[in-house]
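The structure under discussion appears below in the form of structure tokens.
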Amino acid sequence: MSTRLSPNHARLVEAPADLDEFHRYVAERKWGDGLPVIPPTQDRVERMLRHTTREPDDLVAVIAPGFGAATPRRIAINAVMAGCAPELMPVLIAAVEAVAAPEFNLQGIQATTNPVATWIIVNGPIVERLGLNAAFNCLGQGNSGNASLGRALRLVLQNVGSARPGEMDRATQGQPGKYTFCCAENENESPWDPLHVERGIARERGAITVVGAAGTLNMNTHAKDSDDLLRVIADTLEHPTSNDYWIGGEPWIVLSPEHAHILARDGLSKSEVKKRLWERSKMRAGRMAAKDLARTQTGRTAELGPIDENTLLPVSPTPDLIGLVIAGAPGTHSVYVPSFGDTRSVTREVA
């Protein structure tokens, strides 16, 4: 027996109906991520397409480095394979549009030796409506919306953008976030405006932000004073092997609600938190390896002027390029997310 599929080139093919055989079929063609996928049958793809007003073969974005055309049909195929519910389709389309923005530098992200994953942050009323996780274990397993959205975007990047490991994807080790990396902001527990409002989108609208994330680092601190808390977070940002210091990047902090409320209690706005972190995380250039310092001198002299071993390097060109998002549940843990460096996050409203 066989199953009629809509593959990425959008014509029907015959594939094994037996799931074990189907998984081998997908693996041989390098369509998957190593985990089992849902067969993208014509009926499943059509159900996905009913949740967008775009025509199935309209161009949404061109995906580097293979420069494949991401159409709603091709996006839907990968969404089905990833296990997305049809209601997630507009969110995924917005994420595909966002990663193709020039400032995101998808060409660099997809082909680098760095362990860069594309992180999706979801904001607005759609978070509750779609049942996305912004609280306990929001960066981990257990929520099908978070897991399948991040996974679907990865499959689009791989199958439409041709970024397959060992081929155009040249990551030395990669990272687990390259399977899936998606969370929602915990707006109900935030003392400040949420990310999408900060970026000019109406509070009642849904939005996504994509980030070129080089990993995650747990910051476990029981500090109860804002100055002490900012000191240890700033110390965590400061490390000499960071792309953010070499290039002048866009590091992110996922603040737990507990840490965010300590800062707000002491009268600090989100903008003031960024300014203080930016000042306190400046790193002496001489901490870098000699060749890395030479790269920094080449890349950041126009921004900072002459750079020697005693120059204090800021982690980003300006304080506002430090990203802050509130997510997670009760606990003394926040997360440092260093960036690829040569990338800028992009926010898009969900249509």
Top-ranked residue in the range 236-276 [being surrounded by 23 or more Cβ atoms within 10 Å (Cβ to Cβ) and of a type in the set (Asp, Glu); ranked as farthest from the chain's Cα centre (by Cα)] | ASP244
Look at the range 208-228 and say how many of its residues are crowded, with 23+ Cβ neighbours inside 10 Å and not hydroxyl-bearing (Ser, Thr, Tyr).
-> 6
Do we find that ILE233 is in contact (Cβ under 8 Å) with a residue 60 or more places away in the chain and over 20 Å from the mean Cα position of the chain (by Cα) in this structure?
-> yes
Could you check TYR336 against (1) out of contact with any Lys or Arg (no Cβ under 7 Å at 6 or more places or on another chain); (2) over 26 Å from LEU132 (Cα atoms); (3) of a type outside the set (S, T, N, Q) and say which number it fails?
-> (2)
Residue ID - modelled with the lowest pLDDT, chosen from residues in the range 8-33 that are within 15 Å of ALA82 (Cβ to Cβ) and in contact with a Phe, Trp or Tyr (Cβ under 8 Å, 6 or more places away or on another chain) | ASN8
State which residue is surrounded by the most Cβ atoms within 10 Å (Cβ to Cβ) when the search covers only the range 27-81 and only residues that are in a loop (DSSP other than H, G, I, E, B) and of a type in the set (Asp, Glu).
-> ASP33
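The values are calculated or read from the model by the stated rules, or taken from the named source; none is laboratory data. Bear in mind the structure is a predicted one, so any value in this text is a computation, not a measurement. A quick note on method: Cβ atoms are made from the backbone with ideal geometry, for glycine too, and the neighbour counts reach across all protein chains shown.
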